[in-house]
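Please treat every number below as a calculation from the coordinates, not as lab data. Owing to the predicted nature of the structure, the values given are computational and were not obtained by experimental measurement. A quick note on method: Cβ atoms are made from the backbone with ideal geometry, for glycine too, and the neighbour counts reach across all protein chains shown.
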Amino acid sequence: MKENMMFAWIASWLALVGQLVFFMGVALLTGDWRYMMWSFMISMIVGIPSIIGTYKRNQQLKAYKK
């Protein structure tokens, strides 16, 4: 089975940055900055391990191809 690493990178970055941008917009519209605080914590908890996992898998695939 072929792995789609481009999709994995896009999903990882959307988990990290996309949530922050969305909830920043919500915080700006509502004036309640707690949305931004909670979304920052959640996006770091989800996004950073996702990016690390994608990076490691990408390195494994590159080493396997050589």
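Computed values, structure above
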{"read-out": "Tabulated pairs, the range 5-27, first free of Cβ contacts under 8 Å to residues at least 24 places away in the same chain, second of a type in the set (F, W, Y) and assigned to a helix (DSSP H, G or I), C-beta under 9 angstrom, 6+ apart or interchain", "value": "L20/F40; F23/Y35; F23/W38; F23/F40; M24/Y35; V26/Y35; A27/Y35"}
{"read-out": "Residue within the range 17-35 that is exposed (fewer than 14 other Cβ atoms within 10 Å of the Cβ), part of a helix (DSSP H, G or I) and within 12 Å of the chain's Cα centre (by Cα) present", "value": "yes"}
